[in-house]
Amino acid sequence: MDQTAAHRLVFAMLDADGDGTVSREEYMARTRNVALAMGLKEDDQLVITARTLGERAWASMDADRDGKMTFDEYTAWAGAEAFDTVCAPVLGALFDLADADQDGALDLCEFTALRTALNNPATNAEAAFAALDTNGDGRISRDDYLASIRAHVVGEGSPMGRALYSRPLSDIPA
């Protein structure tokens with residue numbers, strides 16, 4: 001899958017209401033949704049950290065500061081540098097919210113809760129978990145999770161990414 005196709009799939013997941021733009025509210029709902037799925041309170045330090053990192057990420061993505069991000073803004077922004085400096089910290093913080101026992105790894109239940117809270121269908125989350133759990137131990141490390149998402153976003157290909165975002169590109173607005 002090329003980088004533009006990968007971006008379209010991620011953008012479609014971020015665009016929760018399907019209106020062709022990602023609003024600040026849609027983007028920031030990600031932290032709230034994961035916290036709710038994991039039974040965490042708004043004042044939990046992990047939630048505060050994830051929300052703060054999400055605000056920083058949003059500020060860098062919304063290039064024209066109008067409160068919404070178009071696909072063109074997203075593709076101009078997304079890439080290896082943006083992932084390494086902005087996405088990895090916020091995705092890591094969301095991972096930490098889902099890591100109920102704080103052992104640095106997610107089991108299938110935690111992973112599914114995380115990904116469905118982030119707008120992926122549960123069946124996609126289960127398939128993505130299976131693709132990433134290459135040693136079959138029933139756990140996915142934070143580093144492997146982030147590396148797989150990075151590979152997808154930068155167009156290098158990722159079995160987890162293909163499973164998470166498996167949706168025909170024809171179903172996604174161009």
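In debye to the nearest 20, how big a dipole does the chain give about its Cα centre with +1 on each Lys and Arg Cβ and -1 on each Asp and Glu Cβ? It would help to have the intermediate numbers written out before the result.
Numbers: 15 positive and 30 negative charges, 35 e Å.
Its charge dipole is roughly 160 debye.
Cα centroids of segment 64-87 and segment 16-58: how far apart, whole angstrom?
Segment 64-87 and segment 16-58 have Cα centres separated by 16 Å.
Excluding the sites themselves, what is the longest stretch of the chain that contains no trypsin sites (Lys or Arg not before Pro) in a DSSP loop with at most 11 other C-beta atoms within 10 Å?
On the way: sites that count: Lys41, Arg65.
Within the chain, the longest run free of exposed trypsin sites (Lys or Arg not before Pro) spans 66-174.
Using heavy-atom solvent-accessible surface (probe 1.4 Å) with all chains present, what is the largest-first order of Asp72, Asp144, Asp96? Intermediate values should be presented prior to the final figure.
Numbers: Asp72 115, Asp144 85, Asp96 40 Å².
Result of the area sort, largest leading: Asp72, Asp144, Asp96.
Ignoring ligands, DNA and RNA, what percent of the 1.4 Å accessible area of segment 1-148 is carbon and sulfur?
Values: 3510 of 6830 Å².
C and S fraction of accessible area: 51 percent.
Suppose a student asked you for the relative contact order of segment 44-145, using Cα pairs under 8 Å spaced at least 6 residues apart; what percent would you report? Please list the in-between numbers first.
On the way: 77 pairs, mean separation 23.3, N = 102.
Once divided by the residue count of segment 44-145, the mean separation gives 23 percent.
Give me the accessible area per residue for segment 1-104, probe 1.4 Å, as a whole number in Å².
47 Å²
Can you sort Trp77, Trp58 by solvent-accessible area, 1.4 Å probe, largest first?
Working: Trp77 45, Trp58 15 Å².
Heavy-atom accessible area, descending, gives Trp77, Trp58.
Could you state, as a whole-number percent, how many of the C-alpha pairs of segment 1-128 are farther apart than 22 Å? Intermediate values should be presented prior to the final figure.
Numbers: 2766 of 8128 pairs.
Here the long-distance tail beyond 22 Å is 34 percent of all Cα pairs in segment 1-128.
Over all alpha-carbon pairs of segment 45-88, lay out the pair-distance distribution in 10 Å bins, whole %, shortest bin first.
28, 52, 20, 1
Have a look at Val154, Thr134, Gly54 and report the one farthest towards the positive end of the charge dipole of the chain, computed about the Cα centre with Cβ charges (Lys/Arg +1, Asp/Glu -1).
Selected residue: Val154.
May I ask you to derive the relative contact order of the chain, considering only C-alpha pairs under 8 Å and at least 6 residues apart, and to give it as an integer percent?
Numbers: 238 pairs, mean separation 51.0, N = 174.
It comes to 29 percent, rounded to a whole number.
At a probe radius of 1.4 Å, what is the per-residue accessible area of Cys109, in Å² to the nearest 10?
Its heavy atoms expose roughly 100 Å² to the probe.
Please give the solvent-accessible surface of Asp66 in Å², to the nearest 10, using a probe radius of 1.4 Å with every protein chain present.
That residue has around 80 Å² of solvent-accessible surface.
Gaussian network model of the chain, Cα springs within a sub-10 Å range: biggest mean-square fluctuation belongs to which of Glu26, Glu81, Glu126?
Glu81
Given the options Thr134, Thr112, Thr31, state which has the largest fluctuation in a GNM of the chain using a 10 Å cut-off (strictly under) for Cα springs.
The residue that fluctuates most here is Thr134.
About the Cα centre of segment 82-124, what is the dipole size in debye to 20, counting +1 per Lys and Arg Cβ and -1 per Asp and Glu Cβ, all else neutral? If you can, show how the numbers build up before the last one.
Working: 1 positive and 7 negative charges, 54 e Å.
My answer is approximately 260 debye.
Just the Kirkwood number for segment 1-65, please: inverse of mean 1/r across all distinct Cα pairs, in Å, one decimal.
Values: mean 1/r = 0.0770 Å⁻¹.
13.0 Å is the Kirkwood radius here.
The values are calculated or read from the model by the stated rules, or taken from the named source; none is laboratory data. Note that the coordinates shown come from a computational prediction; the quantities given were computed from them, not determined experimentally. Glycine gets a Cβ as well: all are built from the backbone with ideal geometry, and neighbour counts include every protein chain shown. Keep in mind that these areas ignore ligands, DNA and RNA; they rest on the heavy atoms of the full protein, side chains included. Shrake-Rupley method; radii C 1.70, N 1.55, O 1.52, S 1.80 Å.
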